[in-house]
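Engineer: Sharing a structure below in structure tokens format, with a few things to ask.
The values are calculated or read from the model by the stated rules, or taken from the named source; none is laboratory data. Remember, it's a predicted structure, so these values are computed and weren't measured experimentally. Ideal geometry is used to build each Cβ from the backbone, glycine not excepted, and the neighbour counts take in all protein chains shown.
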Amino acid sequence: MKEIIKVKNLKSYYVSNILDKKMVVKAVNNITFDIYTNEIVGIAGESGCGKTTLLNTLLGIIDPPLQIFGGEIYYYQNEEGQEKYINFLELEEEEKLKLRWKLVSYVPQGSMNILNPIRKIGKIFLDFAKSQKGLDKNKFEYLLNERLESLKLPLRVKESYSHQLSGGMRQRVAIALATIFKPKIIIADEPTTALDVVMQRDIIDLLSELHEEEKNTMLLVSHDLSIHANICDRIFIMYAGKIVEIGETEDIFKNPLHPYTKFLISSLPKIGDKKIKKSVPGKPPSLSNLPKGCPFHERCPEKMDVCLEKEPKLEWKSNTHAVSCFLYGGDDIQNE
Amino acid sequence: MKIRSFANFIKHDKNMMFSIILLSITLVMILIGVFSKYDPSQYFLFPKSEPPSRSNIMGTTSLGQDTFLTLAKALPNSLLIGSMAAVISRILAVFLGTFGGYKGGKTDGVISVIAESFIVIPRLPLLILIAFTFKQQLNILSMGFILAILDWGWPSKRYRSQILSLKEREFTQNAKFSGMGDVEIILKEFMPFLIPYIIVDIISGIIWAIGMETTLSVLGLFDLEIPTVGTMIYWANYHNAIYRGIWWWWGFPVIFLIITIFGLYLLSASLQNYLDPQTRIQRIKVSKEEVKE
Amino acid sequence: MNELKLKGVTKLYKVGSYVSRSFIEAVKDINLNFNLDKPFIFTLAGESGSGKSTLAKLILGIEDVTSGEILFNKKNINLMKKDEKKDYLKNVQPVFQNPFESFNPLRTVMSYLYTSAIKYNKDLNEDNKEKINSIIEESLERVGLSYKEVEGKYPNEFSGGQLQRISVARALIPSPKLLIADEPVSMVDASLKMSIVNLFKNLKDKYGINIIYITHDLATAYYISDHIAIMLRGQIIERGYVENVLTNPLHPYSKLLKESVLEPVPKKHKRKKIKKVSFEVEEFNLPGCKFSERCPFVMDICKKQSPEEIEVMDRYVKCFLYKKENHVLEITQ
């Protein structure tokens with residue numbers, strides 16, 4: 001298995017200046033991970049932990065007040081037999097865009113709401129096609145029909161407006177739009193939020209099928225671990241701008257290491273289970289005002305003295321399972 | 001905390017700073033005009049058509065008035081008419097727009113139709129007609145009122161649409177279930193959203209009204225004995241000041257008109273930014289962070 | 001005895017322009033009885049578009065019924081006079097879905113608590129500050145918050161979970177007999193959900209408050225409720241004790257709902273194909289059973305007639321698959 005995305009020590013912060021007060025929000029705070037071809041990775045974390053910023057950075061959507069403060073992103077590209085890793089952040093804006101279009105497709109949060117309400121669906125797709133220079137109209141029509149069929153959308157969707165479709169159908173249209181050119185990487189931000197249980201299941205099945213058929217790589221962001229359980233191969237647990245645990249789905253559920261992960265898993269309700277479940281106590285720290293030491297220590301039931309002073313490093317405890325927590329020994333990060 | 005953040009804001013916003021400079025100039029003129037005992041209707045107090053000199057810093061008019069002091073009397077009048085028109089029209093607009101928007105149904109339908117008819121009226125021609133017919137009876141008060149009645153239609157629609165959208169928001173329901181009555185909801189829940197608009201709207205109303213009154217006066221359709229910026233320009237034109245090179249007679253009124261209007265415009269632009277609900281929420285957040293540290 | 005009765009409650013919405021009008025039966029012929037003296041948590045479950053939120057609005061009096069009656073202690077709420085209505089609102093309070101929308105971002109959250117305290121306690125006015133504060137404090141304690149934590153703060157200073165708790169605290173101040181919670185946790189992070197759900201459980205167990213819990217999340221429904229009613233396109237197609245209905249659903253739609261639930265158990269490769277999605281408006285206008293387009297057990301009669309509600313085993317069901325003869329269960333297929 002090859003790495004298709006490599007991220008090293010990535011730092012991207014929001015810096016804003018309101019009324020002479022400088023505020024630095026450390027949304028992506030020194031993150032390192034690899035994503036391999038043909039896998040589905042889930043990023044789990046609460047609202048405000050930096051997940052969306054991480055995605056935006058990976059896609060090169062770095063508009064002020066967001067700034068990169070360090071780190072590298074490498075994308076794997078195999079063009080005409082030539083393999084190479086491209087240093088994404090060092091590309092010019094135009095080249096970044098080109099690379100993105102070739103490799104990555106993005107399904108943003110609430111994407112079902114981005115469909116232009118006064119254009120028919122078919123026209124929206126055409127608009128999109130026109131933005132890709134040198135595209136044959138007939139070929140596109142063929143691709144479109146194929147895509148709609150594989151997503152189980154009736155062809156007459158092309159003649160409808162977005163408000164005539166149900167939420168689930170709109171989400172499918174958004175996914176169709178994002179994946180029409182069969183990208184190698186699909187990044188979806190909270191694809192099931194604001195959908196009811198039937199639609200959620202629908203979308204997850206859909207993404208699963210897409211993955212099976214096209215053998216692409218998927219990166220799914222969601223705060224709901226039940227989603228991850230049902231589709232992801234590996235899960236990254238994100239907290240306060242950092243990745244605190246990485247593992248295969250089964251491992252994360254059967255043997256969670258980080259206390260935060262343990263809370264997340266044990267709080268999930270199940271039909272048939274009336275045992276008392278508890279949420280994670282307290283609330284996440286403000287990313288502009290992080291506490292000293294481990295960012296989780298204020299809510300951690302197993303905190304030790306060292307946790308208040310030093311920050312643990314993400315370390316591999318097995319081939320596939322990594323955690324950043326002093327409970328498992330390990331070093332601390334040297335602060336810069 | 002609020003005063004401090006406003007002071008901070010003034011320091012940083014260029015629009016606000018320029019507007020304060022410009023409006024201070026206007027304010028000084030107004031104060032001079034209010035406290036001066038000069039009577040511009042006394043013609044031939046000074047030598048006619050003299051260029052600016054040490055005794056008359058803006059020169060004199062062909063009617064023997066001191067340009068500077070006449071302008072000092074004229075500017076507050078123009079501003080008074082403008083302010084009256086703006087305030088009265090916005091009171092009408094807020095009241096009718098809010099009432100119609102909140103009640104909905106037939107009430108809203110009726111008020112909307114009335115507002116629309118006022119919007120559709122071609123204002124300048126109508127004003128010219130009214131002014132022409134009632135030229136002698138027009139004074140500051142009546143001009144203010146007439147301008148007010150012609151300027152409430154469009155704003156009322158804007159407030160109505162604000163109310164319509166605010167009505168649908170969930171906190172309105174919450175307010176109802178907290179036991180608040182309709183009037184209370186409008187005042188306590190909706191007004192904080194409307195007030196920024198109203199303030200900025202009033203300023204733009206002043207600008208429009210001053211413009212209208214000046215236009216009418218320049219055309220000679222106002223009581224020409226009352227000194228306003230417009231009537232000064234009228235008299236200057238009447239005496240062919242441009243051709244005769246008596247530039248100070250129409251020049252200074254025009255300059256001060258521009259200063260005033262531009263100052264008001266910059267004020268409204270910067271206030272619009274400051275009072276926008278989104279930035280207010282941001283400021284609340286930041287100021288709370290300050291307090292924490 | 002305090003009771004809330006829904007008799008044949010129907011709500012129609014007009015769709016379309018003056019030229020071509022049609023109706024959507026958002027809620028059709030709902031019959032339910034609630035005994036408010038015995039604390040319960042009743043779940044109204046269904047997809048979006050099932051009519052559950054509309055039914056909530058009807059019960060809260062935010063909208064009027066098109067036909068049928070909602071009777072609170074034998075009085076029709078749509079015919080109530082102003083003070084009777086105010087009394088009703090004191091007894092039936094809402095908790096809405098989006099905690100960030102439930103509060104005006106330009107006002108402190110305390111202002112709502114304060115207003116509720118004054119408006120629903122007749123003998124209190126602005127001078128009894130102490131008494132008002134103690135009422136607010138008590139309510140906040142019930143949801144696990146303190147006065148200090150909430151004082152002087154604006155909505156954007158809280159997390160979704162905290163705001164939702166404050167919403168509940170506000171709803172509790174009038175001492176209502178019934179709390180209507182419309183999807184109270186669907187916009188709250190999964191990690192904070194359970195604290196709100198546990199709160200509802202606690203309110204019923206410890207303070208005897210009745211709750212109608214509206215959700216599409218069957219797992220939390222199972223966790224806290226006693227009864228459940230499943231809605232499909234405006235009609236209740238199955239209702240009964242939650243253990244029975246959710247462990248062993250009878251109606252094909254209930255089965256679909258249960259199968260759709262994503263269990264928090266890693267099992268990537270077991271996938272059963274769910275039937276295609278349909279255009280929403282079309283499903284509403286189907287004659288006969290609204291599930292006929294998607295039902296794997298569909299029969300001819302389902303497309304023509306709408307099934308009646310019958311009592312089967314330990315619950316009520318609306319489905320032609322089941323027949324009740326001589327009070328004995330018979331399942332036909």
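Engineer: Given the criteria surrounded by fewer than 18 Cβ atoms within 10 Å (Cβ to Cβ) and either part of a strand (DSSP E or B) or β-branched (Val, Ile, Thr) (or both), does A:VAL306 qualify?
Structural biologist: Working: surrounded by fewer than 18 Cβ atoms within 10 Å (Cβ to Cβ): yes; either part of a strand (DSSP E or B) or β-branched (Val, Ile, Thr) (or both): yes.
In short, yes.
Engineer: Within the group A:TYR75, A:TYR85, which residue is assigned to a strand (DSSP E or B) and touching a helix residue (DSSP H, G or I) at 6+ places or on another chain (Cβ under 7 Å)? Steps first, answer last, please.
Structural biologist: On the way: A:TYR85 fails: touching a helix residue (DSSP H, G or I) at 6+ places or on another chain (Cβ under 7 Å).
Among A:TYR75, A:TYR85, only A:TYR75 is assigned to a strand (DSSP E or B) and touching a helix residue (DSSP H, G or I) at 6+ places or on another chain (Cβ under 7 Å).
Engineer: Could you please find all residues in the stretch C:152-168 being modelled with pLDDT of 90 or more and in contact with a Gly (Cβ under 9 Å, 6 or more places away or on another chain)?
Structural biologist: Passing the criteria: only C:ARG165.
Engineer: Same structure, new question: Kindly indicate which of A:ILE265, A:ILE276 is at pLDDT 85 or above, surrounded by fewer than 20 Cβ atoms within 10 Å (Cβ to Cβ), within 10 Å of chain C (Cβ to nearest Cβ) and within 27 Å of C:ARG165 (Cα to Cα). Steps first, answer last, please.
Structural biologist: Details: A:ILE276 fails: at pLDDT 85 or above.
Only one candidate qualifies: A:ILE265.
Engineer: A further question on this structure: Working only within the stretch A:218-236, note down all residues that are more than 10 Å from chain C (Cβ to nearest Cβ) and either closer than 19 Å to A:THR53 by Cα or in contact with a Pro (Cβ under 7 Å, 6 or more places away or on another chain) (or both). Before the answer, list the steps.
Structural biologist: Filtering the stretch A:218-236 down to residues more than 10 Å from chain C (Cβ to nearest Cβ) leaves A:218-221, A:234, A:236.
Answer for the stretch A:218-236, where residues must be more than 10 Å from chain C (Cβ to nearest Cβ) and either closer than 19 Å to A:THR53 by Cα or in contact with a Pro (Cβ under 7 Å, 6 or more places away or on another chain) (or both): A:MET218, A:LEU219, A:LEU220, A:VAL221, A:PHE236.
Engineer: Of all residues in the stretch C:206-223, count the ones that are assigned to a helix (DSSP H, G or I) and more than 9 Å from every other protein chain (Cβ to nearest Cβ).
Structural biologist: 2
Engineer: Could you check, for the stretch C:115-129, whether at least one of its residues is closer than 21 Å to B:GLU168 by Cα and in contact with a helix residue (DSSP H, G or I) (Cβ under 7 Å, 6 or more places away or on another chain)? Even if it seems obvious, please write down each step before you answer.
Structural biologist: Looking only at the stretch C:115-129, we keep the residues that are closer than 21 Å to B:GLU168 by Cα, and these are C:115-116.
Remaining after also requiring in contact with a helix residue (DSSP H, G or I) (Cβ under 7 Å, 6 or more places away or on another chain): C:116.
Within the stretch C:115-129 (the criterion being closer than 21 Å to B:GLU168 by Cα and in contact with a helix residue (DSSP H, G or I) (Cβ under 7 Å, 6 or more places away or on another chain)), the answer is yes, since at least one residue qualifies.
Engineer: If you scan the stretch A:149-174, which residues turn out to be over 20 Å from C:SER48 (Cα atoms) and under 24 Å from the mean Cα position of the chain (by Cα)?
Structural biologist: Hits for the stretch A:149-174 are A:SER150, A:LEU151.
Engineer: Moving on to the next point. Consider A:ASN38 against the criteria (1) assigned to a loop (DSSP other than H, G, I, E, B); (2) under 14 Å from the mean Cα position of the chain (by Cα); (3) of a type outside the set (Lys, Arg): it satisfies all of them except one. Which criterion is unmet?
Structural biologist: (2)
Engineer: Going by what's in this entry, would B:GLY64 be described as outside any helix (DSSP H, G or I) and surrounded by fewer than 16 Cβ atoms within 10 Å (Cβ to Cβ)?
Structural biologist: Working: outside any helix (DSSP H, G or I): yes; surrounded by fewer than 16 Cβ atoms within 10 Å (Cβ to Cβ): yes.
Considered against the rule, which asks whether it is outside any helix (DSSP H, G or I) and surrounded by fewer than 16 Cβ atoms within 10 Å (Cβ to Cβ), B:GLY64 comes out as yes.
Engineer: If you don't mind, another one. Looking at (1) within 27 Å of C:TYR88 (Cα to Cα); (2) surrounded by fewer than 24 Cβ atoms within 10 Å (Cβ to Cβ); (3) away from chain A (no Cβ under 11 Å), which one does C:ALA171 not meet, given that it meets all the others?
Structural biologist: Unmet for C:ALA171, out of (1) within 27 Å of C:TYR88 (Cα to Cα); (2) surrounded by fewer than 24 Cβ atoms within 10 Å (Cβ to Cβ); (3) away from chain A (no Cβ under 11 Å): (2).
Engineer: Please verify whether C:PRO249 is more than 22 Å from the chain's Cα centre (by Cα), modelled with pLDDT of 85 or more, more than 9 Å from chain A (Cβ to nearest Cβ) and assigned to a loop (DSSP other than H, G, I, E, B), treating the condition exactly as stated.
Structural biologist: Answer is no for this residue.
Engineer: Return yes or no: is C:PHE96 within 12 Å of chain B (Cβ to nearest Cβ), of a type outside the set (Val, Ile, Thr) and more than 22 Å from C:LYS204 (Cα to Cα)?
Structural biologist: Values: within 12 Å of chain B (Cβ to nearest Cβ): yes; of a type outside the set (Val, Ile, Thr): yes; more than 22 Å from C:LYS204 (Cα to Cα): no.
Criteria not met by C:PHE96.
Engineer: For C:PRO184, work out the one condition from (1) farther than 25 Å from C:ALA56 by Cβ; (2) touching a strand residue (DSSP E or B) at 6+ places or on another chain (Cβ under 6 Å) it doesn't fulfil.
Structural biologist: Status for C:PRO184: all satisfied but (1).
Engineer: Sort out which residues of the stretch C:263-293 are at the interface with chain A (Cβ under 10 Å from one of its Cβ atoms) and modelled with pLDDT of 80 or more, and write them in order of number.
Structural biologist: Scanning the stretch C:263-293 gives C:GLU263, C:PRO264, C:VAL265, C:PRO266.
Engineer: C:SER102 is checked against (1) in contact with a Gly (Cβ under 9 Å, 6 or more places away or on another chain); (2) buried (at least 19 other Cβ atoms within 10 Å of the Cβ); (3) facing another protein chain (nearest Cβ under 8 Å) and fails just one. What number does that condition carry?
Structural biologist: (1)
Engineer: Hey, can you tell me all the residues within the stretch A:237-258 that are within 14 Å of chain C (Cβ to nearest Cβ) and either assigned to a helix (DSSP H, G or I) or among the small types (Gly, Ala, Ser) (or both)?
Structural biologist: Scanning the stretch A:237-258 gives A:ALA240, A:GLY247, A:THR249, A:GLU250, A:ASP251, A:ILE252, A:PHE253, A:LYS254.
Engineer: Something else about it: Under the condition of being surrounded by fewer than 22 Cβ atoms within 10 Å (Cβ to Cβ) and touching a helix residue (DSSP H, G or I) at 6+ places or on another chain (Cβ under 7 Å), which residue from the stretch C:225-241 is farthest from the other protein chains (Cβ to nearest Cβ)?
Structural biologist: Only one residue tops the list, namely C:HIS227.
Engineer: Here's something else I'd like to know. Residues in the stretch B:214-265 that are of a type in the set (Val, Ile, Thr), within 18 Å of the chain's Cα centre (by Cα) and closer than 27 Å to B:LEU129 by Cα: how many? Don't jump to the end; show me each part of the working.
Structural biologist: Within the stretch B:214-265, the subset of a type in the set (Val, Ile, Thr) is B:214-215, B:218, B:226, B:228-229, B:231, B:233, B:242, B:246, B:254-255, B:258-261.
Restricting the remaining residues to those that are within 18 Å of the chain's Cα centre (by Cα) gives B:214-215, B:228-229, B:254-255, B:258-261.
Narrowing the set further to residues that are closer than 27 Å to B:LEU129 by Cα leaves B:214-215, B:228-229, B:254, B:258, B:261.
Result for the stretch B:214-265: 7.
Engineer: So, one more: Quick check, is C:LYS122 surrounded by fewer than 16 Cβ atoms within 10 Å (Cβ to Cβ), outside any helix (DSSP H, G or I), more than 7 Å from every other protein chain (Cβ to nearest Cβ) and basic (Lys, Arg)? So that I can check it myself, show each step before the final result.
Structural biologist: Numbers: surrounded by fewer than 16 Cβ atoms within 10 Å (Cβ to Cβ): yes; outside any helix (DSSP H, G or I): yes; more than 7 Å from every other protein chain (Cβ to nearest Cβ): yes; basic (Lys, Arg): yes.
When the stated conditions are applied, C:LYS122 passes them.
Engineer: From the list B:GLY82, B:GLY97, B:GLY109, which residue is under 30 Å from B:TRP249 (Cβ atoms) and in a helix (DSSP H, G or I)? Can you show your working first?
Structural biologist: Values: B:GLY97 fails: under 30 Å from B:TRP249 (Cβ atoms); B:GLY109 fails: under 30 Å from B:TRP249 (Cβ atoms).
Residue meeting the stated conditions: B:GLY82.
Engineer: List the number of the failed condition for C:TYR112; all other conditions in (1) more than 27 Å from B:ARG280 (Cβ to Cβ); (2) of a type in the set (Ser, Thr, Tyr); (3) facing chain B (nearest Cβ under 7 Å) hold.
Structural biologist: (1)
Engineer: I would also like to ask the following. Name the residue that is farthest from B:ILE203 (Cα to Cα), counting only residues in the stretch B:11-31 that are within 14 Å of chain A (Cβ to nearest Cβ) and surrounded by 15 or more Cβ atoms within 10 Å (Cβ to Cβ).
Structural biologist: To start, the set of residues in the stretch B:11-31 that are within 14 Å of chain A (Cβ to nearest Cβ) comprises B:11-13, B:16.
Subset that is surrounded by 15 or more Cβ atoms within 10 Å (Cβ to Cβ): B:13, B:16.
Numbers: B:ASP13: 18, B:MET16: 14 Å.
By that ranking, first place goes to B:ASP13.
Engineer: Additional query: Looking for whichever is more than 11 Å from chain A (Cβ to nearest Cβ) and assigned to a helix (DSSP H, G or I) here; the options are C:LEU199, C:LEU203, C:LEU192. Which one fits?
Structural biologist: Working: C:LEU199 fails: more than 11 Å from chain A (Cβ to nearest Cβ); C:LEU192 fails: more than 11 Å from chain A (Cβ to nearest Cβ).
Unique residue meeting the criteria: C:LEU203.
Engineer: Kindly evaluate A:PRO284 against the criterion of being facing chain C (nearest Cβ under 8 Å) and under 25 Å from the mean Cα position of the chain (by Cα).
Structural biologist: Values: facing chain C (nearest Cβ under 8 Å): yes; under 25 Å from the mean Cα position of the chain (by Cα): yes.
Yes.
Engineer: What number goes with the only condition from (1) within 14 Å of chain C (Cβ to nearest Cβ); (2) touching a residue at least 12 places away in the same chain (Cβ under 8 Å) that A:SER105 does not pass?
Structural biologist: Of the numbered conditions (1) within 14 Å of chain C (Cβ to nearest Cβ); (2) touching a residue at least 12 places away in the same chain (Cβ under 8 Å), the odd one out for A:SER105 is (1).
Engineer: State whether one or more residues within the stretch A:178-190 are within 14 Å of chain C (Cβ to nearest Cβ), more than 14 Å from the chain's Cα centre (by Cα) and assigned to a helix (DSSP H, G or I). Lay out the reasoning, then the answer.
Structural biologist: Looking only at the stretch A:178-190, we keep the residues that are within 14 Å of chain C (Cβ to nearest Cβ), and these are A:190.
Okay, now just the ones that are also more than 14 Å from the chain's Cα centre (by Cα), so none.
Scanning the stretch A:178-190, I find no residue that is within 14 Å of chain C (Cβ to nearest Cβ), more than 14 Å from the chain's Cα centre (by Cα) and assigned to a helix (DSSP H, G or I), so the answer is no.
Engineer: Across the stretch A:46-72, what is the number of residues that are assigned to a helix (DSSP H, G or I) and of a type outside the set (D, E, K, R)? Reasoning before the result, please.
Structural biologist: Residues of the stretch A:46-72 that are assigned to a helix (DSSP H, G or I), as a first pass: A:51-58.
Retained after the next criterion (residues that are of a type outside the set (D, E, K, R)): A:52-58.
Residues flagged as assigned to a helix (DSSP H, G or I) and of a type outside the set (D, E, K, R) within the stretch A:46-72 amount to 7.
Engineer: Take the stretch C:150-160 and flag every residue that is free of Cβ contacts under 8 Å to residues at least 60 places away in the same chain and either more than 14 Å from chain A (Cβ to nearest Cβ) or of a type outside the set (D, E, K, R) (or both). Lay out the reasoning, then the answer.
Structural biologist: Just the residues of the stretch C:150-160 that are free of Cβ contacts under 8 Å to residues at least 60 places away in the same chain, to begin with: C:150-159.
The answer is C:VAL150, C:GLU151, C:GLY152, C:TYR154, C:PRO155, C:ASN156, C:PHE158, C:SER159.
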